[in-house]
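The values are calculated or read from the model by the stated rules, or taken from the named source; none is laboratory data. For clarity, every value in this text was computed on a predicted model and none was experimentally measured. Positions of Cβ are backbone-derived with ideal geometry, glycine not excepted, and every protein chain shown enters the neighbour counts.
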Amino acid sequence: MRARLVDRISDLDELVEELKKSSEEIGAICIFIGVVRGISSGKRVLRLEYEAHEKLAPEVLAKLLEEAKARHGIIDGAIEHKVGSAGVGELVMCVAVASRHRQEAFRALEELVNAVKHKAPIWKKEVTEEGAYWVEAKPEEAGQGQSNHRR
Amino acid sequence: MRARLVDRISDLDELVEELKKSSEEIGAICIFIGVVRGISSGKRVLRLEYEAHEKLAPEVLAKLLEEAKARHGIIDGAIEHKVGSAGVGELVMCVAVASRHRQEAFRALEELVNAVKHKAPIWKKEVTEEGAYWVEAKPEEAGQGQSNHRR
Amino acid sequence: MKVKVRFFARLREETGLSEVELKLDEATTLTDLIKAFFGDRDTREFLIAVNEELVEADGPGGVRLKDGDVVDIMPPASGG
Amino acid sequence: MKVKVRFFARLREETGLSEVELKLDEATTLTDLIKAFFGDRDTREFLIAVNEELVEADGPGGVRLKDGDVVDIMPPASGG
C-alpha cells in the first residue's frame, strides 16, 4: 500500500510488478489514470496547477487504501497524485488495486477514485486561455451544495 | 482501437502513450490486467494454457471494442489476450479504455472484460499439481447452464 | 459435397480429432453435422463458425452447408 | 493564547493570507476563529485541521483551541 504525492506519476509496468509481489493470489489488477484534458467546458486549457496539504494528503490517501482493503477485500493498492504544474496530456493521478478476482477490483477502484477526488486535501486550478479557475467537486458528486468558485 | 492475440502483454506505459495520442479530450484511462493466480480452487497452479481461434478471436475482440465505443462513448480502447503457456504471475489479458470522463471508462471497462471472457473464442486450460482442466465460464456469469468439464 | 470440420480446445480432446474431411449428402444441415459428432447435446453448448464466420446453429430454418465449407466447432468462451 | 492559522489554495487567494499568527482569548473556539475570517459562511464549506489532524469544526461542543495550535483552513477536496 503506497500513497504519495509526486512530481511525476511512476512507471506503470514497475507499479504492476510491485503490486504482483504482494501475493501469488492476485488475479486482477485495475488501474485508473487521470490525464489533463486540452478542453474544459469549451475553454482551451493551458495547464493545471495542483496544490496539496503535504502532510495530510498522503495520510488521507493511505487511509482510503486501508478502507478499500477492509471493505472490498483487495490484496494491495497504490495511489499517486501529482502536485505542481501539469501540461495537457500529462498523467496527474494513478490509482491501482490488486485483488483475487475482478469484481472486487472494479468496485474498489471506482470507489477509491471518487474518494480521492472528494476527500483528499488536494486542489486543482485550471489555467485556460480565458483565465484561471479553482475547480471544485461538482455538487452531485460531492453530495453537498457546493458551487464552483471563480477567481 | 487495437485488438490482438499476443505471446506477451505489451508494455503498459507505451499503451497509455498510444491511447493518449488519439485525442486531446481524453481525461481518463482505465486498465484491467489479468494475472495467473498461484492457487485455484485450493489447488496449486503450475501454468495456464490458452488456445484461441486465431482468425475469429481478434475479430470478436475488435467488435467488442467498437460496441463499447458506440454504447459508452469511449474515445479509444485496446485489448490484448495471451495465447500459449502462461506461468504463475504472468499477465495474460489487458483491456484498456480511454474516455473524456471517468464514469464511462469504468462502465466500458467492466463490460468489456466480462465480454472478452464470455464471447471471445479463447479457451483456458488450468494445469495444476492435481491434473489439467479446461476452465469454462461460470453459469451465473455466462447466463447459461454450462457446467465445467473435467479431462 | 465435401466439408471440412475442425475441433478446438476441449472438443478436440473429447473427440480426439483436430480436423476431418467429410463427404455429406447435399441436404445435410449444420445441426445434422453436430448431431453426428455430439448426439443430442444442446447446440448452445458450442460456438460454431462456418467459413470463419460465427453462426447460430439453431437459427430459423437451420444453416445449410455447401461444398467446400469449413465448419469450426468450439467450446464456449473461457478466456481471461 | 497564540494560534497560527494557515490558508490553502483558493482560500489563500481569497484572504490574501498564507499564514497568520493570532493572539486570542482563552475561550475562543474553532468556530469563532473561522467566523472571524469568513463571517457566516457555512463551516461545511471548509476542510479544517488542527495540528495536522482533520477535525469537524461543528462537532458536538465545538473544538477548543489551546496555545500553540496550528489551524489549517482549506477548501473542499478537488483533486483528480
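Annotations for the structure displayed:
- Any hit, segment A:3-19, residues being modelled with pLDDT of 95 or more, surrounded by 15 or more Cβ atoms within 10 Å (Cβ to Cβ), part of a strand (DSSP E or B) and within 9 Å of another protein chain (Cβ to nearest Cβ): no
- Scanning segment A:14-51 for residues that are closer than 16 Å to A:Trp134 by Cα, in contact (Cβ under 8 Å) with a residue 24 or more places away in the chain and not aliphatic (A, V, I, L, M) turns up A:Arg37, A:Ser40, A:Lys43, A:Arg44, A:Arg47, A:Glu49, A:Tyr50, A:Glu51.
- Complete set of residues in segment A:82-128 that are acidic (Asp, Glu) and in a strand (DSSP E or B): A:Glu126
- Yes/no for A:Ala108 being surrounded by 19 or more Cβ atoms within 10 Å (Cβ to Cβ), in contact with a His (Cβ under 7 Å, 6 or more places away or on another chain) and more than 9 Å from every other protein chain (Cβ to nearest Cβ): yes
- Selection from segment A:20-47 of residues that are closer than 25 Å to A:Ala120 by Cα, among the small types (Gly, Ala, Ser) and surrounded by 19 or more Cβ atoms within 10 Å (Cβ to Cβ): A:Gly34
- The set of residues in segment D:4-31 being loosely packed, with under 14 Cβ neighbours inside 10 Å and among the β-branched types (Val, Ile, Thr) consists of D:Val20 alone.
- Residue in segment C:7-16 that is part of a loop (DSSP other than H, G, I, E, B) and either at pLDDT 95 or above or more than 23 Å from B:Ser85 (Cα to Cα) (or both) present: yes
- D:Gly80 vs. criteria surrounded by 19 or more Cβ atoms within 10 Å (Cβ to Cβ), out of contact with any Phe, Trp or Tyr (no Cβ under 6 Å at 6 or more places or on another chain) and outside any strand (DSSP E or B): yes
- Odd one out for A:Arg100 among (1) in contact with an Asp or Glu (Cβ under 7 Å, 6 or more places away or on another chain); (2) under 30 Å from B:Val45 (Cβ atoms); (3) more than 10 Å from chain B (Cβ to nearest Cβ): (3)
- Positions within segment B:48-81 being within 9 Å of chain C (Cβ to nearest Cβ), under 22 Å from A:Ala28 (Cα atoms) and either assigned to a strand (DSSP E or B) or touching an Asp or Glu at 6+ places or on another chain (Cβ under 9 Å) (or both), in sequence order: B:Tyr50, B:Glu51, B:Ala52, B:His81
- Residue match in segment C:37-48 (condition: acidic (Asp, Glu), more than 14 Å from chain B (Cβ to nearest Cβ) and out of contact with any Cys (no Cβ under 7 Å at 6 or more places or on another chain)): yes
- Residue check, B:Ile33 part of a loop (DSSP other than H, G, I, E, B) and either more than 10 Å from every other protein chain (Cβ to nearest Cβ) or modelled with pLDDT of 95 or more (or both): no
- Applying the set (1) at pLDDT 95 or above; (2) buried (at least 16 other Cβ atoms within 10 Å of the Cβ) to A:Glu54 leaves exactly one unmet item: (2).
- Within segment C:57-75, not a single residue is in contact with a helix residue (DSSP H, G or I) (Cβ under 7 Å, 6 or more places away or on another chain), surrounded by fewer than 19 Cβ atoms within 10 Å (Cβ to Cβ), within 26 Å of B:Gly34 (Cβ to Cβ) and within 11 Å of another protein chain (Cβ to nearest Cβ).
- Residue-level analysis places C:Val20 outside the set of residues that are farther than 30 Å from B:Gly34 by Cβ, touching a residue at least 12 places away in the same chain (Cβ under 8 Å), within 14 Å of another protein chain (Cβ to nearest Cβ) and not small (Gly, Ala, Ser).
- The number of residues in segment C:37-67 being in a strand (DSSP E or B) and either free of Cβ contacts under 8 Å to residues at least 24 places away in the same chain or under 21 Å from C:Glu13 (Cβ atoms) (or both) comes to 6.
- B:Pro139 meets each of the listed conditions (1) within 17 Å of A:Gln103 (Cα to Cα); (2) within 11 Å of chain C (Cβ to nearest Cβ); (3) modelled with pLDDT of 95 or more apart from (3).
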